[in-house]
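Shown next, in C-alpha cells, is the structure this report addresses.
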Amino acid sequence: ENSGTSFILCHEMAKAAVLIQQWYRRHVARLEMRRRCTWRIFQSIEYACEQDQIQLHNFFSYLMDQFTPSSSKERDFISRMFISGESYKEAELEKYCDYESIEVPDSYTGPRLSFPLLPDHATALLEAFQQKQQLHARYVLNLLHETRKHLKQLPNISHVSTCYSEEVTVCGDLHGQLDDLFLIFYKNGLPSPSKSYVFNGDFVDRGKQSLEILVILFTFLLIYPKEVHLNRGNHEDHMVNLRYGFTKEVMQKYKVHGKKILKMFQNVFCWLPLATLIDQKVLIIHGGISDTTDLHMLEKIQRDKFVSVLRLKKRNESSRKPEIQAINGERESGTDAAGNEAAPRLSLQPQSAQAPSTANRLEFSRWLRQTVQEQIDTCRRLVDVSKSEPEELTYSSMISLKDVDEPELSQSFQILDVLWSDPMPQEGCRENKVRGGGCYFGPDVTEKFLEKHNLQFLIRSHECKQEGYEFCHNRKVLTIFSASNYYEIGSNRGAYVKLGPDLIPHFVQYQANKTAHTLTMTQRISRVEESAFRALREKLFAHTSALISAFKAYDGDNTGRISLSNWATAVESVLRLGLPWRMLRPQLVRSTEDGMLEYKSWLDDLAMEQRSQEHIQSSLLEVIYRNRSNLETIFRIIDRDHSGLISFEEFQQTWKLFSSHMNIELTDDGINDLVRSIDFNKDGNIDFNEFLEAFRLGCHDPCLHFYKARTVSPNLERACTWQAGKGKAGVQNRHHCR
Amino acid sequence: MAEKEEKGEDGLVAEIEKKITEAFEVFDRESNKTVDVREIGCIVRSLGCFPNEAEVQELIEKMEVEEPGGFVHLEKFLPVVTKVLLDRRFRPIPEDVILHAFEALDENKRGYITKEDLVKYLTEEGEPFNQEEMEDMLAIALDPETDTLLYRDYRKKLVVDETKTFPYNV
C-alpha cells in the first residue's frame, strides 16, 4: 500500500469511528433521559400518595369534628376508624397484650427466646429468617414488651461516641427489605461491642418483611444496648402502617395474635428515640429540620404521647365530644370511664358565632356550611394566595396558622418536622405540601441550625437516592438510603455510611438483587421504566373525569381530538406531578393522527388496561368502600341535615370539601354522573338503601364510573358471593363482596 | 398538516421551546434553571439530535458559558437549541450510513468486529470513548458467545425507534 491509500483508509476509519461514537452517544443520552424521567415519575407518585393519605385523614377528621355521634356505637366506630391509637398504660398493656398465656406447641421448630437475650438468640433468628421461618407470636410479644421497657429509659436524643466504638455505621430506610439488612450485615459485620450501628427509621412498610427486620433490630438493641441505636421514622406510625403494608403484613402472618402484636408495636414505636447525636457533632434524624427545630425542646418532649403525629386534630372546646381524643395521646388522669375530658384540648375555633343547638338540625347544618366557608376564606386571606393555587389549601395548612404557641401543638410540630421534612435547594423554610407533613428546609436553615447547636453536619434519610446516598446544602446534609431496588429491580442502589473519630463519611453501596447485576444497563432501565409507566397510567386513569373536562376545554368544536401540545398542558393541570409530559408522551400515547389525539379512546384504552390490575388509591369512595360495614355512619356524616336522604347538594358539598383537600378534581358534571348512577329511583336524592347498594355493587358495576377505576385489592375481596337480585328497579345482579 | 398551518410558525416555536424546557428541567438538579455544562450534550441528544462532540462544543460556545465546567442558564440554552431544532440540524444518522461505518471497521468483511478491534478503533480514533463509555458499549453490544460485535444485529436493535422523536417525527 502506498501512503496515499493508507491515509485515505485511515481517514475513512476515523470518519467511521466518529459516526459510531456519535450514534452511540446519542443512544446513551436517550437512555439517561429515560432513566431520569423514570425516577421523577416514581418520586412524584410516591410523594403524591403520601399526601393523599394524610389529607384524606385530615379531611375525615375535619368532617368528624363537626359531626355529633348519636350513639355509643357510632362513637366507637369513629374512634376505631380514625383514632385507633391511644397509648396504653403499663398495666393495660400487660393485660391486653399478654404473652405468658400463649402456649408454644412442641411442634414449633422456630427459635425460642428467653430473656435476657444473648448473641446466640440473634444468630438463631437470623438463620431462621433466612430460611423463611416465622417467630412464634409469644416470643414476638415478649420481645416487644422487653423492647418497650428498654426504650422507655432512653432519652429522646441518643448519644454515641466514636471513642468507644471507633467506627459507627449509619443505615437509612429499610422498608421491610430484609435482603438489604442481610447484605449490610454480610458486608459490614453484625452489631457487637466493637461494631456500633445507628438505624435511621422507616424499618417497615412497602417491603414484605418488616416484621423480621424489627425483630432482628430489637433483638440486637437488647443484646447490645450501648452499640445499637434506633431512630424513629415517619413510617413508625400505625396510621401510616395502615396504608403502606405493615399492618397487613402482621395480620397475615399472625392471624390469631395479630391485633395484640400491632397494639404492642404502636406502643413501642412511640418510644423510639427521635434523634442520635455522634460526638456532639453529627445529628442523625429521619426526615430533617425546620426553622423552628430546637434540640433543647426536642430533648424535653414526652415523646410517647405522640403515637401518631399524622393528624393534628383540634377540637372545639365548647363541644361535647370528649370521647374523641386529640393526637392520640395517653388518656389524661382526669378522664373517667365515660370519657369526659378533664383538661381542655386544642381547638380549631370557628371564627363565627357559637354553634346553634343541635336540636335544630337544619340550622345546625346551615351554620356548619357557613363556618366551613368562613374558615377557608379566612385562611385564604392569611395565606398569600397569589403564590399558591386554591386547591393547595389543606387542612394541615389551616392548622398551622392557628394557636402555634400552644405547647402540645408545637411539640408535635417538632416531631412532625424531624420525621417528615425534606431538604430543598432554595433558601427558606416552607410547608411540605407534597408529603402533607413537615417542611422543605433550605441551606440557610441548615446553616443556622448547625451553628446554633455547634454541629458539623446532618445525616438524614426519608428520600430514595439512586446511588443510595447524596449530599446537599454544601455537603452539610447527607441523605442515606438503605433499601436498594426500592421502586423496582434496578431502580437504585442502597448504601450505608461509616464514621470514624475524624467524622469523615465513608460509603458502601450495594444492590440486593442478583438479577440486577446480570441485566445490562438498557435492560435495567427498561424494566424500571415499565414499572414507572404502569404506575403513571394508573394515575392517569384514576383522574379520567377530570382529564375529560380538561381536554374538552381545549376542544371547543367537540371534535373529540386534542393536539399533543394541549394534551401535555391539560394533563399537568390535572395531575400536578410536575413531570416532563412532552418527553414522556411517546410512552403514554401510542397512536396519533396528524399530531392530534382522540382523547376518549385513549382514556378507554387506559381503562381496559386497568381493569385487570389491582390498585390502591386514595379516594373518598375507596375509604367508604373499605369501611362499608359502617356505611350507615358514613351516610349520616354526609347527610348533614339529617333528612335520611343525601341530596345532590350534600353530596356535592362533601365532594367539594374533599377535592379541596385532595388533588382529585371533579367537575359538576362528574358529580352529577356519580350521583345519578347511585340514585337508582331517579328522584334526585340518594336514600340509605341506594347508598348501601352502590357500595356493595362497587367493584363490577360499569355505571359507577369511579368504580371502573377501582378493582379492589384481591386480599380483601377474593371471596365474592353472588346474591339473587332483589328489590329495586334498575338493579339486577348484586353481589356482596366480603 | 392542517393543525400546524393553523398554528403557524409561532405555534411550532412555542411547542419546541416547551419541549426543550422540559428536557432541560429534567437535568436541572437545583431547580434553579441551570444545568452543568457537561450535561449539554446529553440534553441536546435526548431531544432527538445526533451532534458529534465537536458540534456539541460549538453549541456550548454559543451559549457563552462563563467558566469552564460551569453552569448554563436556561436563558442562554433555549434560543441556541430552539434554532437547532427549527433548522433541523444534527439529524439522525440513517441506518445505511451506520452500516457502512461498521463495515469500514470490518476490514476483512467478515460480518463482525472483534472486541480488540472495536476497543482500538473507538478509544483511539475519531472522538475517542473514555473507559466507561467503552465498557458500557461492550456490555450491550458484544455477542457473549463469540465476544465479537455482530454489527448488523446490533444496529437493528438500537435503531428501532431512534429516529421517532419530535420534532423529526410527525
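Bear in mind that the values in this text are calculations on the coordinates, not laboratory data. Source: prediction; values computed, not measured. Cβ placement follows ideal geometry from the backbone for every residue including glycine, while neighbour counts extend to all protein chains displayed.
Just a few scattered comments:
- Two-site FRET efficiency, B:E53 against A:K281, from Cβ-Cβ distance with R₀ of 60 Å, rounded to 0.05: 0.85
- Take the Cα of A:Y186, step 7 Å toward its Cβ, do the same at A:D604, and the gap between the two points is 5.1 nm.
- Each label was represented as a point 7 Å from its Cα along the Cα-to-Cβ direction; for A:R590 and A:E167 these points are 5.2 nm apart.
- Pairwise FRET efficiency - A:K208 versus A:Y108, Cβ, R0 = 30 Å, nearest 0.05: 0.85
- Cα-based shape type of region B:95-162, given that a ≥ b ≥ c are square roots of the gyration tensor eigenvalues and the cut on a/c is 1.5: rounded
- Region B:57-128: C-alpha gyration tensor shape, a/c 1.5 cut-off, then a/b vs b/c: oblate
- A Förster distance of 51 Å, applied to the separation of the beta-carbon atoms of B:K120 and A:D557, puts the FRET efficiency at 0.25.
- Model label points for A:Q134 and A:S410, set 7 angstrom from Cα along the Cα-to-Cβ axis, are 4.8 nm apart.
- Think of region B:95-162 as having a plus end and a minus end, set by charges on the Cβ of Lys, Arg, Asp and Glu; of B:L118, B:L138, B:L149, B:L149 sits farthest toward the positive end of this dipole.
- Each part reduced to its alpha carbon centroid, region B:36-109 and region A:153-178 end up 48 Å apart.
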